[in-house]
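Enquirer: Before anything else, here's the structure in question.
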Amino acid sequence: VKDFSHAAPAPVAVVVDLGGTRVRAALAARDGVPWGRAERATDRRGPAAFVDRAAGLVDEVLAIASETRPADPRLPVIVGVTGPVDPDGRLVDPPNLEPAFRGFALRAALEVALERPVLVGLDTHLALLGEQASGALRGVDDALYLTFSTGVGGALLADGRLIRGALGMAGEVGHLPVSATGPRCGCGERGHLEAWASGPAIAGAATRRAARRPGSALAARLAALGRPPTGADVATWSAAGDADAAAVLDAARRAAAVGVAALVAVLDPATVVLGGGVVLGDPAAWVGACRRHLDRKGLQAHRGRVRIVSAMLGDEAALHGGVAYARLVRPELLAAPGEVG
Ligand SMILES: [Zn+2]
């Protein structure tokens, strides 16, 4: 049995980052800093399996909490989920999940499974608040956060406030049009940022490029792989000097840079944070591409002025931001024992 007695502060919530690939959970203190983490592959066989996997992980971290003190039965669970979610915690039309998840009442299902209050928000909203609490956005009031992984998402901070939007889904930058034509997006349209610069988009672009160049080194690498490629494979080949792989990544980064410049013109942020596994595999290349494009094509006032940095908290940003998100949306959930009821 691990001894947490001198290190662990009292948890005020369990925070869950429910992604399309991984689900992570942790206990969070009043300042939002997570500990007692657990992680599993996301179970996508259907909504019921999805909820079971997430609930099992919450029970695991609650067991860690109860090693030092009895867990508060009202301890809330704050969930960041990928894709649009309505104010009642229902998945609206998740473009990167199977059709069975459309309209699924995730918050209600988790409350039944866990017998605790549950708050569901967009993972990117939690991640931006995490970077603001303890990462790259400390002390920043105007910022743009973009994450490139299985999908492309984002969040906006203006005048010190997270912009949630009328439907609670502001910052869905993955569906920002960055070209008039181009690859088809998961939402059905063409030329969206996500269709250029997500991990699956990069893998798809490499596959199509290899098919057009059957004698290329890229085609040989794909054939030798014996499975469909990932964005990370393409990055590895590019780093090894494969010119076709490098060209695919250049196109992805150009699309990202066009999108960032458009958003900077609209929002006037002091800082742009780029995160997600695709970027964090080679942050300097992505930050550099956005920097160069903004300094050449951006509004004169923005050239050289907007700070562009990679995410500091990596894939843990949403875990860091759960408490701040609850404080913003449903502060009563964080009341200490004795303060309510
Ligand atoms: Zn789209």
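The values are calculated or read from the model by the stated rules, or taken from the named source; none is laboratory data. Computed from a prediction, not measured in an experiment: that's the story for all the values here. Heads up, the Cβs are rebuilt from the backbone with ideal geometry, glycines too, and the neighbour counts pull from every protein chain shown.
Enquirer: Anything in segment 257-305 that is assigned to a loop (DSSP other than H, G, I, E, B) and in contact with a helix residue (DSSP H, G or I) (Cβ under 7 Å, 6 or more places away or on another chain)? List them, or say none.
Expert: G281, D282, G298, L299, R303, G304
Enquirer: In segment 283-301, what count of residues is obtained for those that are modelled with pLDDT of 95 or more and surrounded by 15 or more Cβ atoms within 10 Å (Cβ to Cβ)?
Expert: 9
Enquirer: Can we say D250 is acidic (D, E), closer than 20 Å to S179 by Cα and surrounded by fewer than 21 Cβ atoms within 10 Å (Cβ to Cβ)?
Expert: yes
Enquirer: In segment 91-117, what residues are in a loop (DSSP other than H, G, I, E, B), more than 16 Å from the ligand (Cβ to nearest atom) and farther than 20 Å from V77 by Cα?
Expert: E98, G103
Enquirer: Here's another thing I want to ask about it. Take G226 and decide whether it is under 19 Å from V173 (Cα atoms) and out of contact with any Lys or Arg (no Cβ under 9 Å at 6 or more places or on another chain).
Expert: No: the conditions fail for G226.
Enquirer: For the list (1) touching a residue at least 40 places away in the same chain (Cβ under 8 Å); (2) more than 12 Å from the ligand (Cβ to nearest atom); (3) in a helix (DSSP H, G or I); (4) hydrophobic (A, V, I, L, M, F, W, C), I need the number of the one condition that M169 fails.
Expert: That leaves (3) as the condition not met.
Enquirer: A follow-up question, please. Based on what the data block shows, is D123 under 12 Å from the mean Cα position of the chain (by Cα), closer than 20 Å to A324 by Cβ and among the acidic types (D, E)?
Expert: For D123, the condition - under 12 Å from the mean Cα position of the chain (by Cα), closer than 20 Å to A324 by Cβ and among the acidic types (D, E) - is met.
Enquirer: Then there is this: Test each condition in (1) within 18 Å of L333 (Cα to Cα); (2) surrounded by fewer than 17 Cβ atoms within 10 Å (Cβ to Cβ) for A26 and report the one that comes out false.
Expert: Going through (1) within 18 Å of L333 (Cα to Cα); (2) surrounded by fewer than 17 Cβ atoms within 10 Å (Cβ to Cβ) one by one, A26 breaks only (2).
Enquirer: Which ones in segment 187-219 are within 15 Å of the ligand (Cβ to nearest atom), out of contact with any Ser or Thr (no Cβ under 7 Å at 6 or more places or on another chain) and over 20 Å from A262 (Cβ atoms)?
Expert: Listed by number, the residues that qualify are G188, G204.
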